[in-house]
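What follows is one structure encoded as structure tokens, with my remarks underneath.
The values are calculated or read from the model by the stated rules, or taken from the named source; none is laboratory data. Owing to the predicted nature of the structure, the values given are computational and were not obtained by experimental measurement. Note that we place each Cβ from the backbone using ideal geometry, even for glycine, and neighbour counts take in every protein chain shown. The area values use the complete protein model at the heavy-atom level, side chains included, leaving out ligands, DNA and RNA. Shrake-Rupley method; radii C 1.70, N 1.55, O 1.52, S 1.80 Å.
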Amino acid sequence: MAPYEKPLPVINEDTALYWEYSRRHELRMQKCIACGNIRFPVSIVCPECHSLDAEWTKLSGKGKVYSYIVFHQAYHPSYVNEIPYIVGIIELDEGPRMESNIVGCDIEDITIDMPVEVVFDDVTEEISLPKFKPVS
Ligand SMILES: [Zn+2]
């Protein structure tokens with residue numbers, strides 16, 4: 001595997017399971033056992049009911065483009081060869097919204113509400129980044 005030079009997420013005690021599931025190509029988020037709310041980003045407490053009890057529920061990986069922007073400038077040297085690239089906000093079928101890259105299509109083909117599904121980019125042995133591609 002070629003060295004990965006872009007910034008990597010920092011794994012900590014709270015996010016370790018999220019990244020471990022990503023490494024297995026499973027998109028899992030915390031589901032509150034008390035009220036059923038699925039939350040993201042990772043948090044020790046439910047923002048809806050303040051319960052501390054949660055389980056890691058497996059999501060469908062499907063959603064739609066809620067918003068996106070096109071980066072034409074590299075804000076980190078490792079992105080010089082990537083521009084222009086897309087950062088989108090994906091609204092997952094289960095409710096949470098997450099920022100990610102939209103890949104596997106031309107920029108001009110991306111539309112708001114376009115159905116997408118997760119794909120995992122294995123960038124290091126520890127980190128697989130969830131990204132989204134159009135549903136084919
Ligand atoms: Zn809750």
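Just a few scattered comments:
- If you go through the range 118-136 and keep only what is open to solvent by 50 Å² or more (accessible area, probe 1.4 Å) and among the polar types (S, T, N, Q), you end up with just SER136.
- Residue in the range 34-53 that is of a type in the set (Phe, Trp, Tyr), in a loop (DSSP other than H, G, I, E, B) and at negative phi present: yes
- The number of residues in the range 39-80 being open to solvent by less than 50 Å² (accessible area, probe 1.4 Å), within 16 Å of the ligand (Cβ to nearest atom) and not hydrophobic (A, V, I, L, M, F, W, C) comes to 4.
- Residue pairs whose Cβ atoms lie under 8 Å apart, sitting 6 or more positions apart in sequence or on different chains, and linking a residue in the range 29-40 that is touching a residue at least 12 places away in the same chain (Cβ under 8 Å) and more than 22 Å from VAL118 (Cα to Cα) to a partner that is outside any loop (DSSP other than H, G, I, E, B) and more than 6 Å from the ligand (Cβ to nearest atom), are CYS32/ILE38; CYS32/ARG39; CYS32/ALA54; ILE33/ALA54; ILE33/GLU55.
- Unique residue being more than 16 Å from the ligand (Cβ to nearest atom), modelled with pLDDT under 95 and open to solvent by 40 Å² or more (accessible area, probe 1.4 Å) when the list is PRO115, PRO3: PRO3
- Within the range 11-34, if we keep just the residues that are over 13 Å from the mean Cα position of the chain (by Cα) and of a type in the set (Asp, Glu), the residue that is modelled with the highest pLDDT turns out to be GLU20.
- Screening the range 81-100 for residues that are buried (at least 17 other Cβ atoms within 10 Å of the Cβ) and assigned to a strand (DSSP E or B) and picking the one that is farthest from the ligand (Cβ to nearest atom) gives ILE86.
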